[in-house]
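Notes for the one structure printed next.
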Ligand SMILES: Cc1cc2nc3c(=O)[nH]c(=O)nc-3n(C[C@H](O)[C@H](O)[C@H](O)COP(=O)(O)OP(=O)(O)OC[C@H]3O[C@@H](n4cnc5c(N)ncnc54)[C@H](O)[C@@H]3O)c2cc1C
C-alpha cells in the first residue's frame, strides 16, 4: 500500500524536504500531501526584498513545473492545517478535509514578532515576511513620505531599504545602542551607521517605540519614541524579530521549548514517532535557527530517515556567519563573535568610519575563533575556513587587502 507523508508548511524548508524525497525516492513508494497556508508555492524568502526591485513571483518561486506536475505530490495552496488527531493519524484542514498520514512533518516556520506597543494594529502597520506583506507595503507606500521601521537588525535594514526603493524616507528605531546588535560591536556598527546615514536612512538608536498614534479615522499618524521624539508617518513596518510557529504542535500535545518552538531530538524527531519538525519552527539542541542553511540540513536529514537511509545527527554548529546583502555595504561576521564566558583575545586591525576588522583569538592557544568585518575589507569566506587554527602570517592582508 502507498504510504502518505503529510508536510505542513510549504516554505523554504518544507520544499527542500519534498525535493530531496523526489530525488531520492526513485521507487515512488510514497504519496506526499503538502498543506500550505500561503497562496503561492514555496519561494525564495531570503531573496524576498528583490520582489520590490522588479523580480516577479515566478522569478522567486522554488517550485518548477516538474515539481508542480509530479503525480506523487499533492500541493494544496491556501489550505492551512488546523488540527491533528495523533491517535487516528489524520490532519484536519481549514477547508474541512481530513488527510491521513503515516508520517507527518511540521515545517511551519516563524511569524514576525510585533512588540506590544499601543497602536500596533492600526491601518498602516505592516510586517515583512511574505509576498502578501510586500504587496501591502507597496500599495501603502507614498513617495517622499517618511516611513518608520521598528527594529534595526538584518530584517529591519532590509525593510528600510525596501521603503527607500519605494521612494519613501525611512527611519529605523532600535532599542540597542547601535544597528545589528546581535552581530556587530560598536566599531563595526559605526561603519554601518555612516553608510546608512549617507543613503538617507534616519537612525534612532537606544530608544524604543512607545506608541503608534492614530488619526481619527484609525490610520497611522505618527510614532512616538520613548525619548519623546515624534515621527510623523503613515506607514510603520515591524521588523523586531521572529517567533516560531508552534501553535499546531502545542494543540497536538507536543513539547514546546522555553521560548517557543517544537522540541525535537538531533534527528528532528518529536516525542511522537510519526511526527518530525524542521526549519525555523524546530528547537534542536535547545535553539531555534532563524536561517535557511540549518533548516536545509534538517530537511536533508529527515528525507533520508523517511527513506530508511542512514543519517548523521543534525549538528547546530557553523550557523553563525552573517552577511548583510543589501545597501551596498559589506558587513560580515564569521565564526564565534561571542565566545563562551567572554574569554578571548581581540585584535582590531582598522578602525575608522570606512572600514573595520576585528578578530577573536583563543586566550590559551591563540587559535582563530571568529571575527567581524565592516566596510572596505576582505571577504569573510577564506577567513571562515581558518577557524580553529593559528592565524596565518598574512592575516592582516586577508582582512584588509
Ligand atoms: C526578508 C527576509 C530576508 C531573509 N534573509 C535571510 C538570509 O539572508 N539568510 C538566511 O539564512 N535566512 C534569511 N531569512 C530567513 C529565511 O527566509 C528562513 O530561515 C527560511 O525561510 C525558513 O524556512 P521555513 O520553511 O522554516 O519557514 P518559512 O519559509 O516561513 O515557511 C513556513 C511556511 O509554513 C506555513 N505555515 C505555517 N503554519 C501553517 C499551517 N498550520 N498550515 C499550513 N502552512 C502553514 C507558512 O505560511 C509558511 O509559508 C530571511 C527572511 C526574510 C523574511
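None of the figures in this text is laboratory data; all of them are computed from the coordinates on show. Everything numeric here is computed off the predicted structure, so don't read it as measured data. In this analysis, Cβ positions are derived from the backbone assuming ideal geometry, glycine residues included, and neighbour counts consider all displayed protein chains.
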Task: Cα gyration tensor category, rounded, prolate or oblate, for the stretch 1-73 with a/c compared to 1.5 - done: prolate
Task: Difference of contour (0.36 nm per residue) and Cα-Cα distance, residue 90 to residue 323 - done: 79.7 nm
Task: Centre separation in Å (Cα based) which lies between the stretch 115-158 and the stretch 261-280 - done: 33
Task: Whole-number D in µm² s⁻¹ for the stretch 247-344, Kirkwood Cα-pair radius fed into Stokes-Einstein, 25 °C, 0.890 mPa s - done: 163
- [ ] With label points built 7 Å along Cα→Cβ from the Cα atoms of residue 139 and residue 100, find their separation and express it in nm.
- [x] 4.2
Task: Cβ-based exposure ranking for 171, 285, 15, in which fewest neighbours within 10 Å come first - done: 285, 171, 15
Open item on the list: Given points 7 Å out from each Cα along the Cα-Cβ axis, report the residue 214 to residue 58 separation in nanometres with one decimal.
Closed with: 4.2
Open item on the list: Which residue fluctuates most in the GNM of the chain (Cα springs below 10 Å): 258, 340, 194?
Closed with: 340
Open item on the list: Quick check of the Kirkwood formula: for the chain, what is the inverse mean of 1/r over all pairs of different Cα atoms, in Å?
Closed with: 22.9
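Which ordering of 281, 268, 125 is given by a fewest-first count of other beta-carbon atoms within 10 Å?
So the residues, fewest neighbours to most, are 125, 268, 281.
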TODO: Mind telling me which of 377, 87, 333 comes out most flexible in a GNM of the chain, alpha-carbon contacts under 10 Å?
DONE: 87
- [ ] Using label points projected 7 Å from each Cα along Cα→Cβ, tell me how many nm separate residue 74 and residue 394, to one decimal.
- [x] 5.9
Task: Efficiency of FRET between residue 39 and residue 315 - r from beta-carbon atoms, R0 35 angstrom, step 0.05 - done: 0.50
Open item on the list: On a full-extension model of 0.36 nm per residue, what is the gain between residue 46 and residue 31, subtracting their alpha-carbon distance, rounded to one decimal in nm?
Closed with: 2.5 nm
Task: Exposure proxy order (Cβ contacts within 10 Å, fewest to most) of 85, 300 - done: 85, 300
Open item on the list: Suppose a student asked you for the relative contact order of the stretch 330-399, using Cα pairs under 8 Å spaced at least 6 residues apart; what percent would you report?
Closed with: 33
- [ ] Whole Å is fine, so just give me how far the alpha carbon centre of the stretch 212-256 lies from that of the stretch 332-401.
- [x] 36
Open item on the list: Kirkwood Rh and Cα-based Rg: tell me the resulting Rg over Rh for the stretch 330-399, rounded to two decimals.
Closed with: 0.94
- [ ] Report, for the chain, the % of DSSP beta bridges that are antiparallel, rounded to 5.
- [x] 55
Open item on the list: If I build a Gaussian network model for the chain, linking alpha-carbon pairs within less than 10 angstrom, which residue out of 279, 156, 167 has the largest mean-square fluctuation?
Closed with: 167
